[in-house]
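S.K.: Take a look at this one; I'll ask things after.
The values are calculated or read from the model by the stated rules, or taken from the named source; none is laboratory data. Quick caveat: nothing in here was measured; it's all calculated off a predicted structure. Because the Cβ atoms are built from the backbone with ideal geometry, glycine has one as well, and the counts that use them run over all protein chains shown. Protein only, heavy atoms only, side chains kept; ligands, DNA and RNA dropped before computing areas. Shrake-Rupley method; radii C 1.70, N 1.55, O 1.52, S 1.80 Å.
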Amino acid sequence: MTKIGIYFAYWTHEWDADFHPFVDKVADLGFDILEINGGTVAHMSSAERKALKAHADDKNLTLSFCFGLPKKFDVSSPDPKVREDGLAFLRRMTEGVGEMGGGNLGGILYSYWPAKMPKEEEDKRPYFDRSVESMKKAVKYAEDNNVVYCMEVVNRFEQFMLNTAAEAIEYVDAVGSPYAKVMLDTFHMNIEEDFIGDAIIRTGDKLGHLHIGENNRMPPGYGHIPWTEIGHALRKINYKGHVVMEPFMMPGGQVGSDIGVFRDLSTGLDIDAEARKALLFMRGVLK
Ligand code: MN
């Protein structure tokens, strides 16, 4: 059975949190995976990481990790010092995840987030090439720590380098390690891909992690994403990886601002019950 998870920030206004209450909540709702902020893990003590991992193990919950590098750690930057700082941070975060047994670390690991292409630039290729050079070094940290880097493809309004599955396939092929994979997200695919199912099928065994969300970032089942097509595509490529929902409904805080939630989509809803409903819906889609 496909493991299905949820991202903790569904319930929060800030990216940093004490994850322990979410371990209990998400396990009790019936999920298999809790996805947490990799950046927070980088700053946790060794004892805190081990305690969180033990708690997750106790609840039979897998942890996965997501992060968008800030501009000061952009591994595609023209500034060699910024790239070097980015690599040092990736190493710290990866070792932190490694201390928790490893797993999938996804997101904008290849550049920074949110980001537009600098106005003076017309060609993103130098950014892509510098990023690949950095990632060839960084992926060794992943290999050493049982971590799989999953390069998240996001829409043009959030990043400029990898907007389609095809671009991400080219990227991970250039990095050339089984520890560097493609990560797709149905919310972003809805904007950029011609056909979502085809993009999944083309990604094939390079797909390392899948975020699911509606076009409006509501929990799956509340929008017009073609779930039947997605279920078919995942079965066709025999996908055995993680599927993590990443709904956002509440405005406010850094999460509301970064994600662009400018109206309360949760009005009148019990968001725990909605998460559970979306989980059951996805179990049907992925069976
Ligand atoms: Mn995502």
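S.K.: When the C-alpha atoms of the stretch 7-87 are aligned to their principal axes, what extent does each axis show, in angstrom, from largest down?
M.R.: Largest first, the stretch 7-87 extends 46, 26, 19 Å along its Cα principal axes.
S.K.: On a full-extension model of 0.36 nm per residue, what is the gain between D28 and D129, subtracting their alpha-carbon distance, rounded to one decimal in nm?
M.R.: Additional length available on full extension: 31.9 nm.
S.K.: Using 0.36 nm per residue, how much length does the chain from K59 to E170 gain when fully extended, once their Cα-Cα distance is taken away?
M.R.: 36.2 nm
S.K.: Next question. Normalised by the empirical 2.2 N^0.38 Å for globular proteins, what value does the Cα Rg of the stretch 4-286 take?
M.R.: 0.94
S.K.: Tell me the Kirkwood hydrodynamic radius of the stretch 177-217 in angstroms, computed as one over the mean inverse distance between distinct C-alpha pairs.
M.R.: For the stretch 177-217, the Kirkwood estimate is 10.7 Å.
S.K.: Hey, another quick one. Explain nothing, just the number: dipole magnitude of the stretch 4-286 about its Cα centre with +1 on each Lys and Arg Cβ and -1 on each Asp and Glu Cβ, in debye rounded to the nearest 20.
M.R.: Dipole of the stretch 4-286, to the nearest 20 debye: 380 debye.
S.K.: I've got another one for you. Give me, ordered by chain and number, the residues 5 or more places off M151 or on other chains with an amide H under 5 Å from its own placed amide H.
M.R.: Sorted by chain and number, the residues that satisfy this are K181, V182, M183.
S.K.: Any idea of the accessible area per residue across the stretch 4-286, 1.4 Å probe, to the nearest Å²?
M.R.: On a per-residue basis, the stretch 4-286 sits at 41 Å².
S.K.: From largest to smallest, what semi-axes in whole angstrom does the stretch 140-287 give when each is the square root of 5 times an eigenvalue of its alpha carbon gyration tensor?
M.R.: On the way: eigenvalues 137, 67, 45 Å².
For the stretch 140-287, the ellipsoid semi-axes come out as 26, 18, 15 Å.
S.K.: Ok, one more. Which peptide among 151-157, 12-18, 267-273 comes first, and what is the full order, when sorted by highest mean count of other Cβ atoms within 10 Å?
M.R.: Result, highest mean Cβ count within 10 Å first: 151-157, 12-18, 267-273.
S.K.: Quantify, in whole percent, the carbon and sulfur part of the accessible surface of the chain (1.4 Å probe; protein heavy atoms only).
M.R.: That share works out to 51 percent.
S.K.: Obtain the nm distance between the two label points defined at K287 and A88 by a simple spin-label model: each point lies 7 Å from its Cα along the Cα-to-C-beta direction.
M.R.: Modelled inter-label distance: 5.3 nm.
S.K.: Packing-wise, with mean Cβ within 10 Å as the measure, how do 175-187, 132-144, 100-112 rank, highest first?
M.R.: The peptides rank, most packed first, as 100-112, 175-187, 132-144.
S.K.: Which whole-angstrom value gives the distance between the alpha carbon centres of the stretch 1-53 and the stretch 58-108?
M.R.: So the separation of the two Cα centres works out to 16 Å.
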